[in-house]
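Engineer: Structure in structure tokens, see below.
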Amino acid sequence: MGSPHLTLASASPRRRDLLARLGMTPDAVTPADIDETPLKDERPRDYALRMGREKALAVSADGFVLAGDTVVAAGRRILPKTEEESEARDCLNLLSGRRHVVLTSVVLRAPDGTLRERINENVVRFKNLSAEEIDAYIACGEWRGKAGGYAIQGQAEALIQWMKGSHSGVMGLPLYETRALLKAAGFAIG
């Protein structure tokens, strides 16, 4: 008997690529369309979990739904998924030479509506970034739509001094936590 039906509630190609590292291809990809505005005084961890839950619940699908959300936080400040160059530049200036937290939630909705969830927490430190390094990174365009204005799987990785945690978690789908949720739900994973 094969694995149950799985819908990925994300349009992110990197989440599909990461899921493939577990030997899995979703049966369907249906991005969740929700309001991602943080609530007043919402803490980054609570926000990441709420977003993962809301995305899992927003998708209409048979079988299981896998959702998640990645949040970059400087202290209690939730950084945006940058769409404008000025936002990305502000984020990089803020993160330059300091550590920050990257939280990624993973939520699996079962066919009966039951939610299973995990959160992955990482600490990342950028080197002190020069104006030229920030300009070069902005010019590459990887920052578009990325939490905190950077993509660790791209050129930004060369600007990271150290990291504590899961590389796949910072990319957007922590494989250890994802594997545990899927295996517990009966998916065939090696």
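Each value in this text was obtained by applying a stated rule to the coordinates, not by laboratory testing. Note that this is a predicted model, so its numbers are computed, not measured. Methodologically, a virtual Cβ is constructed for each residue, glycine included, from the backbone with ideal geometry; neighbour enumeration extends over all protein chains shown.
Engineer: At a threshold of 8 angstrom on Cα-Cα distance, excluding pairs fewer than six apart, so keeping six or more, what relative contact order does the chain reach in percent?
Structural biologist: On the way: 385 pairs, mean separation 44.9, N = 190.
After rounding, I find 24 percent.
Engineer: Efficiency by 1/(1 + (r/R0)^6): what FRET value for Lys127 and Arg45, r their Cβ-Cβ distance, R0 = 30 Å, to the nearest 0.05?
Structural biologist: On the way: r = 26 Å, r/R0 = 0.87.
Given R0 = 30 Å and the Cβ-Cβ separation, E is 0.70.
Engineer: Could I get the Rg over Rh figure for the stretch 119-190? Both from C-alpha atoms, Rh via Kirkwood, rounded to two places. Kindly include the intermediate steps, with their values, before the conclusion.
Structural biologist: Details: Rg = 15.2 Å, Rh = 13.8 Å.
The Rg/Rh ratio comes out at 1.10.
Engineer: Take the chain, compute every pairwise Cα distance, and split them into 5 Å bins from 0; I just need the percent in each bin.
Structural biologist: Using 5 Å bins, I get a P(r) of 1, 8, 17, 21, 19, 14, 10, 6, 3, 1, 0, 0 for the chain.
Engineer: To continue, here is another question. How large, in Å, is the stretch 33-145 by the Kirkwood hydrodynamic radius built from its alpha-carbon pairs? Could the numbers behind the result be given before it?
Structural biologist: Working: mean 1/r = 0.0649 Å⁻¹.
Mean inverse Cα-Cα distance, inverted, gives 15.4 Å.
Engineer: Any idea how far apart Ala110 and Thr37 come out in nm if each label point goes 7 Å out from Cα toward Cβ?
Structural biologist: Label-label distance for Ala110 and Thr37, simple model: 3.5 nm.
Engineer: With axes computed from alpha carbons, what is the tilt in degrees of helix 44-58 against the longest principal axis of the chain, rounded to the nearest 10 within 0 to 90?
Structural biologist: Approximately 40 degrees, to the nearest ten.
Engineer: So what's the angle, to the nearest 10 degrees on a 0 to 90 scale, between helix 85-95 and the longest Cα principal axis of the chain?
Structural biologist: In the chain, helix 85-95 runs at an angle near 80 degrees to the longest axis.
Engineer: Once the dipole of the chain is set up with Lys and Arg at +1 and Asp and Glu at -1 on Cβ about the Cα centre, which of Leu39, Ala180, Ala147 lies farthest towards its positive end?
Structural biologist: Of the listed residues, the answer is Ala180.
Engineer: Another question, then. Based on Cβ point charges of +1 for Lys and Arg and -1 for Asp and Glu, what charge dipole magnitude is obtained for the chain about its Cα centre, in debye rounded to the nearest 20? Display every interim value, and only then the final one.
Structural biologist: Values: 26 positive and 25 negative charges, 155 e Å.
That gives the chain a dipole magnitude of about 740 debye.
Engineer: Dipole magnitude of the stretch 113-185 about its Cα centre, charges +1 at Lys/Arg Cβ and -1 at Asp/Glu Cβ only, in debye to the nearest 20? Provide the component values of the computation, followed by the final result.
Structural biologist: On the way: 9 positive and 8 negative charges, 87 e Å.
It works out to roughly 420 debye.
Engineer: Taking the Cα centre of each part, how many Å lie between the stretch 147-165 and the stretch 107-137?
Structural biologist: For the stretch 147-165 versus the stretch 107-137, the Cα centre distance is 10 Å.
Engineer: Enter the angle in degrees (range 0 to 90, nearest 10) between the Cα long axis of helix 175-184 and the first principal axis of the Cα atoms of the chain, meaning the one along which they spread out most.
Structural biologist: For helix 175-184, the angle is close to 10 degrees.
Engineer: How far apart, in nm, are two points set 7 Å out from the Cα along the Cα-to-Cβ line at Glu85 and at Ala11?
Structural biologist: The two pseudo-label positions are separated by 2.3 nm.
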